[in-house]
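Below you'll find the structure, written out as structure tokens, and then a few comments.
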Amino acid sequence: MLTFNIDGMVPQHFPFKSPIMDYVFKHLKAEHLIKLYQCSKYFYAKFRRNILRHLVLVPFVREETLDPTRTVITASNRVLSTFKDFWITDSFIIRDNSWIRLPELNHCNIKKLEIRRCIRWKEYVILTKSGTVEELKSFGLVFLAPNGDVSASVDHLLGQVPNAKSVEISLAGFSETSCASLLSMKRNTKFSRLVLNIDRIRFLNIEMFTQFLVKNTENDCHVHVAFASFLSGSVPEIYTRRIQAALEAKKNNML
């Protein structure tokens, strides 16, 4: 990681008044801090915070690469536990399918989050609490309970990423309150790409869900709603046709 030798360093003084510099330091974004690190080792000596732009967890040691721009590391590597105070800025991708506990990353401002394994709700919140995620790909369940009995529904997952424009969820389930929550959800942007593979439809209210899609997708949004293969019968097919018809009617009304 990025380190400097600060032995014998002369204290830095600024021509600005102290309150101005205090304000700058308290409101720094990662991209600003990178520029300051490049200007002077004083800033690294003051903050002592390493920055990773891209972090990827992989299952095989041979793929590991430790680099500030793109760090590829195995989930079993003990070095990973030292990343808890690092600043993760651009993307975090979990390609390791094994069940491991993620380190508590205290500074996450990631724009792309890709999860290919099951994680705990607490971990999902840590990764998304900044509200900066613009692209989400979730291929595993997010467990609300420690014992894994209950998984997060689609409204829980989307509620954590109000600025996401591209979303893909492979195991999208619905609870009794999911459709109402989706319809009342306040989002900061509309979807330009939305792919959902629904595996639980017991509580799916197709009218409310369709209204959510029409309300929160761009006119040229790529929307693909599929249903798990084990959900047999005519209901999934009927639901698919209703969604397609509603989105097509929306496009025609905007012409």
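Relative to the Cα centre, the charge distribution of the chain, modelled as +1 at Lys and Arg Cβ and -1 at Asp and Glu Cβ, gives a dipole magnitude of about 520 debye.
For a 30 Å ceiling on Cα separation, which of these pairs sit above it: LYS29/LYS215; LYS35/LYS112; LYS46/LYS165; LYS35/LYS190; LYS111/LYS186; LYS84/LYS111?
On the way: LYS29/LYS215 32 Å; LYS35/LYS112 22 Å; LYS46/LYS165 36 Å; LYS35/LYS190 32 Å; LYS111/LYS186 19 Å; LYS84/LYS111 18 Å.
Correct reply: LYS29/LYS215; LYS46/LYS165; LYS35/LYS190.
Of ASP155, ASP90, ASP67, the residue with the greatest mean-square motion in the GNM of the chain, using alpha carbon springs below 10 Å, is ASP67.
Think of the chain as having a plus end and a minus end, set by charges on the Cβ of Lys, Arg, Asp and Glu; of TRP87, ASN219, TYR124, TRP87 sits farthest toward the positive end of this dipole. A DSSP coil position with no more than 15 other Cβ atoms inside 10 Å describes the following trypsin sites (Lys or Arg not before Pro) in the stretch 176-255: LYS186, LYS190, ARG202.
Between PHE43, PHE191, PHE86, where does the largest GNM mean-square fluctuation fall for the chain, given springs only between Cα atoms within less than 10 Å? Residue with maximal mean-square fluctuation among PHE43, PHE191, PHE86: PHE43.
Listed by chain and number, the aspartates and glutamates whose C-alpha is less than 12 Å from the C-alpha of LYS122, apart from same-chain residues fewer than 8 away, are GLU104.
All of the numbers you see were taken from the coordinates with simple rules; none came from a lab. Just so we're clear, the structure is a prediction, and the values are computed from it rather than from any experiment. Cβ: placed from backbone, ideal geometry, glycine included. Neighbour counts: every protein chain shown.
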